[in-house]
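Only one structure is covered here, and it is reproduced in the block below.
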Amino acid sequence: MKQLLTALTAFSIILFSLQISFAASGDMEIRNATGSSVGKIKSDGSVRNKQGSKIGTIKISGTVKDKTGRNLGSFDSKGKLQDNAGLLLGKVNDKGEIRNSKGSLVAKIKSNGDIRDKTGKKIASAKPYLPDARLRLTAYLCFFYRPDLFK
């Protein structure tokens, strides 16, 4: 029982730390290949288009929803992205590589926040970019901005 309580306490602390990190990171602006803003992931998890209208939500828990609250899919701490039926769409690894469900490279998130397709061509960027935001950024690409990459 004591071990379970210790594990639950540790898990709660980790979750709380993630929420603080998410809130402290502020808004993340997403830009297209030419540098024009296409949207933002706000610190509260809301996803906004360039006009500022809410188009969805990315929760710290990994749930991704559209503007009506409909579940689009999710991501987990291992970088796995799934649609709302639980089917694997892709995965992002520790190197920032985004791979589709077949394991093929579709994009890569560089340390400066640039997102490049499999040929190395810049397709988007995130500013400011923090490494702990790679899952939220990948979810944004996957469900809102560039779902075509995952087909």
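Some points to look at:
- Residue check for Leu137: among the aliphatic types (A, V, I, L, M), surrounded by fewer than 19 Cβ atoms within 10 Å (Cβ to Cβ) and closer than 21 Å to Glu29 by Cα: no
- Scanning region 104-133 for residues that are among the acidic types (Asp, Glu) and in contact with a helix residue (DSSP H, G or I) (Cβ under 8 Å, 6 or more places away or on another chain) gives Asp117, Asp132.
- Counted residues, region 37-82 - those being under 23 Å from Ile123 (Cα atoms) and among the charged types (D, E, K, R): 7
- The residues of region 101-151 that are touching a Leu at 6+ places or on another chain (Cβ under 7 Å) and not hydrophobic (A, V, I, L, M, F, W, C), listed by number, are Ser101, Lys118, Thr138.
- Unique match (being in a strand (DSSP E or B) and either modelled with pLDDT of 95 or more or not small (Gly, Ala, Ser) (or both)) among Lys108, Lys102: Lys108
- Taking the criterion of being within 21 Å of Ser77 (Cβ to Cβ), surrounded by fewer than 18 Cβ atoms within 10 Å (Cβ to Cβ) and small (Gly, Ala, Ser), the residues of region 40-66 that qualify are Ser43, Ser61, Gly62.
- For region 125-132, the criterion of being part of a helix (DSSP H, G or I) and either at pLDDT 90 or above or within 14 Å of the chain's Cα centre (by Cα) (or both) is met by at least one residue.
- Filter result for Asp94 (surrounded by fewer than 17 Cβ atoms within 10 Å (Cβ to Cβ) and among the acidic types (Asp, Glu)): yes
- Exactly one residue among Gly90, Gly73, Gly56, Gly79 is within 12 Å of Leu137 (Cα to Cα), within 13 Å of the chain's Cα centre (by Cα) and either modelled with pLDDT of 90 or more or not small (Gly, Ala, Ser) (or both), and that residue is Gly79.
- Residue match in region 19-41 (condition: farther than 22 Å from Pro131 by Cβ and at pLDDT below 90): no
- Filtered residue count, region 111-122, keeping only those that are buried (at least 17 other Cβ atoms within 10 Å of the Cβ) and either outside any strand (DSSP E or B) or in contact (Cβ under 8 Å) with a residue 24 or more places away in the chain (or both): 3
- Residue check for Lys50: under 21 Å from Gly26 (Cα atoms) and more than 13 Å from the chain's Cα centre (by Cα): yes
The values are calculated or read from the model by the stated rules, or taken from the named source; none is laboratory data. Model, not experiment: these values are computed from the prediction. For neighbour counting, all protein chains shown are included, and Cβ atoms are generated from backbone atoms with ideal geometry for every residue, glycine included.
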